[in-house]
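The values are calculated or read from the model by the stated rules, or taken from the named source; none is laboratory data. Everything quoted here is computed from the prediction, not taken from an experiment. Quick reminder, even Gly has a Cβ in these numbers, built from the backbone with ideal geometry, and neighbours come from all protein chains shown. The area values use the complete protein model at the heavy-atom level, side chains included, leaving out ligands, DNA and RNA. Shrake-Rupley method; radii C 1.70, N 1.55, O 1.52, S 1.80 Å.
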Amino acid sequence: MPRNKRKITPKRMPKSRSAKKTTPVWEWILIGIMVVAAVVLLYNRFAPQPAELTVTVSQASEKRDQGAFMLDVREPSEWQDFHMPGATLIPLGELPDRLSEIPTDQEIVVVCNSGNRSRTGRDILLDAGFSNVTSMTGGMQEWRSDGLPVVSGP
């Protein structure tokens, strides 16, 4: 009879948790950032661009000759000194309350003395839903110095 033989059993290998590898959270965050960046780039590339928001004095003169509505947002005293023939005066401070006086079916060019207030007036109109609006850079000072027509008085 054989002596006391010990039964030898192989060592057990630890059970593997799963054959699948899980993706760490930071990788999902990185993928999300890349997707958002791609969407933003594609939108900026293919989204419709707004019309030019500013025009030069010569471009404004052409638009005026083509029938654009010329909106002067200066103060009445500035208007009386000189203004563009055919323009309409609505001082910038009154503009939000007088939007009904502005045509919606016509191109609008906003003008002021030097070009600063006209940008604000343009933005007021755009925010109010007007779509075909630009502001004139250089203002009425540049308009007059370029020799374009001006009139005085009311």
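Looking across region 135-149 at every residue that is in contact with a helix residue (DSSP H, G or I) (Cβ under 8 Å, 6 or more places away or on another chain) and over 15 Å from residue 116 (Cβ atoms), the one that is surrounded by the fewest Cβ atoms within 10 Å (Cβ to Cβ) is identified as 146.
For region 104-113, the set of residues classified as within 18 Å of residue 61 (Cβ to Cβ) and either surrounded by 14 or more Cβ atoms within 10 Å (Cβ to Cβ) or of a type in the set (Asp, Glu) (or both) consists of 107, 108, 109, 110, 111, 112, 113, listed by residue number.
Here is a yes/no grid of residues against (1) over 30 Å from residue 86 (Cα atoms); (2) assigned to a helix (DSSP H, G or I); (3) modelled with pLDDT of 65 or more; (4) touching a strand residue (DSSP E or B) at 6+ places or on another chain (Cβ under 9 Å):
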{"residue": "2", "(1), (2), (3), (4)": "yes, no, no, no"}
{"residue": "15", "(1), (2), (3), (4)": "yes, no, no, no"}
{"residue": "22", "(1), (2), (3), (4)": "yes, no, yes, no"}
{"residue": "30", "(1), (2), (3), (4)": "yes, yes, yes, no"}
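Of all positions in region 36-50, at least one carries a residue that is at pLDDT 90 or above and open to solvent by 30 Å² or more (accessible area, probe 1.4 Å).
Can you tell me which residue in region 84-103 is nearest to residue 148 (Cα to Cα), limited to those that are of a type outside the set (A, V, I, L, M), open to solvent by less than 40 Å² (accessible area, probe 1.4 Å) and in contact with a strand residue (DSSP E or B) (Cβ under 6 Å, 6 or more places away or on another chain)? If we take residues in region 84-103 being of a type outside the set (A, V, I, L, M), open to solvent by less than 40 Å² (accessible area, probe 1.4 Å) and in contact with a strand residue (DSSP E or B) (Cβ under 6 Å, 6 or more places away or on another chain), then 85 is nearest to residue 148 (Cα to Cα).
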